[in-house]
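Just so you know, all these numbers are worked out from the coordinates, no wet-lab data involved. Note that this is a predicted model, so its numbers are computed, not measured. Don't worry about glycine lacking a Cβ; one is built from the backbone with ideal geometry, like all the others, and counts go over all protein chains shown.
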Amino acid sequence: MTSMLAAPITTIDLRPIAPRERHALVFARFDALQPGQAMELVNDHDPQALRVHFEDRAFGQYEWRYVETGPASWRVRIGRKVTSAAAVAGDSCCSGGACCG
């Protein structure tokens with residue numbers, strides 16, 4: 001599983017961005033993350049609608065952790081999970097288990 005203690009590779013301040021552009025920007029940045037990497041969002045409200053969108057679009061592929069919970073500022077760290085196949089390949093003595101039967 002991903003360690004969310006690592007520093008995010010990017011921080012996105014959503015406050016100055018037009019609301020209609022926010023989700024597309026966040027998902028473009030999320031899609032660019034490698035497994036095990038994270039990003040942090042800053043917002044002026046709890047981004048619950050975004051979390052619902054993540055559940056719909058990326059179920060099981062992300063981790064969501066609140067870093068700050070208002071009232072003036074909300075910070076959320078979103079990480080891309082390491083899939084079980086990637087974890088097995090990374091832990092194998094032979095690059096993916098081909099020789100381990």
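Details
- Percent of Cα pairs exceeding the 17 Å cut-off, where the set is segment 21-62: 27
- The stretch between V42 and A72 holds 9.8 nm of extra length on full extension. This uses 0.36 nm per residue minus the Cα-Cα distance.
- Each of E21 and A58 was given a label point 7 Å from its Cα along the Cα-to-Cβ line. The distance between the two points is 2.0 nm.
- Mean sequence separation of contacting Cα pairs (under 8 Å, at least six apart), scaled by the length of segment 10-90, corresponds to a relative contact order of 34 percent.
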